[in-house]
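The values are calculated or read from the model by the stated rules, or taken from the named source; none is laboratory data. Not measured: the values here are computed from a predicted model. Here the Cβ is made from the backbone with ideal geometry for all residues, glycine too, and neighbour counts use every protein chain on show.
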Amino acid sequence: MPADVPDAYLQECASCHIAYAPGALPAASWRRIMSGLDSHYGTDAALDAATASRIDAWLQRHAGTWKRVSEEPPQDRITRSRWFERKHRKVDTAVWRHDSVKSAANCGACHVGADRGRFDDDDLQFQVGLDARHRRAWND
């Protein structure tokens, strides 16, 4: 996560989900997300214009530009991006539905540093209650 994270991003966005690293999506995806906050994946997450503008400018400055992120994923969802699907291809769908995980968007369930923008494979946490057969995705 960039060092200059706006307080508003942490207060507003991270109040419902982790503060996703801006490099996880290209600038065009962040722009669409920020322009549609009144219907943000089924929730009204609208912000005042000044706050939205500050957050959007920060997201644009730090948006993903490297090859794996330059492609806009379907519905601007990080979890639908090719790089995300490739990195998580061995994770069984039962893991995403498990009570301790709930969805692929809950990065912090397995990535203990997700709230700080850290997704190192060496820091993965296997959720209690998951069947041992699901560990293969953690061991690669």
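Laid out as a table, the results:
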| item | result |
| --- | --- |
| Verdict on S15 being among the polar types (S, T, N, Q), without any contact (Cβ under 8 Å) to a residue 12 or more places away in the chain, part of a loop (DSSP other than H, G, I, E, B) and not assigned by TED's automatic domain parsing to the domain that holds V128 | yes |
| Selection status of V112, modelled with pLDDT under 95 and in the same structural domain as D131 (by TED's automatic domain parsing) | yes |
| Top-ranked residue in region 101-124 [being exposed (fewer than 14 other Cβ atoms within 10 Å of the Cβ) and touching a Gly at 6+ places or on another chain (Cβ under 9 Å); ranked as nearest to G64 (Cα to Cα)] | D120 |
| Residue match in region 47-55 (condition: of a type in the set (V, I, T) and assigned by TED's automatic domain parsing to the domain that holds A8) | yes |
| Meets criteria (farther than 21 Å from V5 by Cα, of a type outside the set (S, T, N, Q) and out of contact with any Phe, Trp or Tyr (no Cβ under 9 Å at 6 or more places or on another chain)) for D123 | yes |
